[in-house]
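Read the structure below first, then the notes.
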Amino acid sequence: MSNLTLQDVTPEQLLCMGDGLLRGGQSGLAKSVYEVALKRTNKLDMRQRLRVRHGLAAAANHRTMTCLDLLETMESRGWKNAFVGDGLATWLKTLPFELDDRFQEISARHASLLPLANWQWNLTTMLWAVQTTRNIPGDFVELGVFKGHTTLFCADYVEFGGWPKTWWLYDTFEGIPEDQQNPGWKKMNDALYVNSFSYEEVAERFSGFPNIKVIKGRVPEVLQTGAPEQVALMHVDMNNAPAEIGALEFFFERLAPGGIIVFDDFCWATARTQYNAEVEWFAARGLHVLPMPTGQGVFVKS
Ligand SMILES: C[S@@+](CC[C@H](N)C(=O)[O-])C[C@H]1O[C@@H](n2cnc3c(N)ncnc32)[C@H](O)[C@@H]1O
């Protein structure tokens, strides 16, 4: 496909070809056609349309056709800035990541590390949290790393290697422990996390950052073996309530004023057990988490 020339075919025609291929189940080929089209246009509107599709093709799954239908419906009505990803559609909104080539380049480079399409709004939240806590005293922690997608994006974007902070990344590297799984999660857990990634692979991925530590173990117990004394940012993403509440119990006192917690799963309907447990945990302290349409929850300590 790198030799594909398709002389005289316009970006609009290539977009249609890509859509046809995507609908026909040829996501790899569709992705390549969108890439050819992207090289041929500087028009912001067309680049946006192509990049959303490229993101769908890059992480094709059983929701891809529905996402493409949604996108085409929004575009056919003339709704500007139509965007669709797994679990989120927006239109008539400024897409900040579309105005940022560096964001686009780095997020596209790491997209294959997550089995979800078009994660740009979620990455925008995390990048905001990272940039906002840069001068808050304390280190960063991520509870639930998987292949390292979100942290790698943020670390690359801000060139975290030069920051006087350490980022502590915790994971079992074996999925959610059986006794922590929500009812009905075993199948999902096994499909996503069992034998699909490893400590060695993730440690290697972060080896270019001397100040990022990858730690294997079960939260909250592993925290007793090593954790920062003061924390500026927590990314909590373990798809289960007992581990996340355990992490909160351990770290909350260590979170500096101005520190931020981003819960990745908070508002996903599939994570209702976490939502209930976390709302209750904060309410007991007279505090509130901001629910986000991305599915995230955001808390800023005063
Ligand atoms: C949704 S993934 C994390 C995705 C990652 N934060 C990202 O943005 O790319 C959830 C991860 O939590 C890990 N996990 C679940 N329960 C855990 C526990 N009790 N201790 C440590 N890791 C856990 C799983 O192994 C899995 O890799």
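The values are calculated or read from the model by the stated rules, or taken from the named source; none is laboratory data. Keep in mind that what you see is a predicted model, and the values were worked out from it rather than measured. Cβ sites come from the backbone with ideal geometry, for glycine too, and all protein chains shown count toward neighbours.
Please pick out the residue among 114, 127 that is in the same structural domain as residue 200 (by TED's automatic domain parsing), at negative phi and in contact with a helix residue (DSSP H, G or I) (Cβ under 6 Å, 6 or more places away or on another chain). 127 is the lone residue from the list that is in the same structural domain as residue 200 (by TED's automatic domain parsing), at negative phi and in contact with a helix residue (DSSP H, G or I) (Cβ under 6 Å, 6 or more places away or on another chain). Put simply, of 150, 172 the only residue that is touching a helix residue (DSSP H, G or I) at 6+ places or on another chain (Cβ under 7 Å) and not assigned by TED's automatic domain parsing to the domain that holds residue 64 is 150.
Per the listing 203, 232, 243, 247, the residue uniquely small (Gly, Ala, Ser), at pLDDT 95 or above and closer than 19 Å to residue 136 by Cα is 232. Please go through the range 197-225 and pick out each residue that is in contact (Cβ under 8 Å) with a residue 40 or more places away in the chain, in a loop (DSSP other than H, G, I, E, B) and within 28 Å of residue 273 (Cα to Cα). Matches in the range 197-225: 197, 217, 218, 219.
Checking each residue in the range 143-173 for being touching a residue at least 40 places away in the same chain (Cβ under 8 Å) and charged (D, E, K, R) picks out 147, 156, 165, 171.
Being closer than 19 Å to residue 287 by Cα and near the ligand (Cβ under 9 Å from one of its atoms) is the filter; apply it to the range 237-258 and report the residue that is surrounded by the most Cβ atoms within 10 Å (Cβ to Cβ). Break it down stepwise before answering.
Residues of the range 237-258 that are closer than 19 Å to residue 287 by Cα, as a first pass: 241, 244-258.
From what is left, the residues that are near the ligand (Cβ under 9 Å from one of its atoms) are 244, 246-247.
Details: 244: 29, 246: 19, 247: 22.
Checking each candidate, the answer is 244.
Quick grid of which residues meet (1) in a strand (DSSP E or B); (2) under 26 Å from residue 131 (Cα atoms); (3) in contact with a Gly (Cβ under 6 Å, 6 or more places away or on another chain):
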site	(1), (2), (3)
262	yes, yes, no
267	no, yes, yes
270	no, no, no
286	no, no, no
299	yes, yes, no
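Scanning the range 19-78 for residues that are outside any helix (DSSP H, G or I) and closer than 18 Å to residue 118 by Cβ yields a count of 5.
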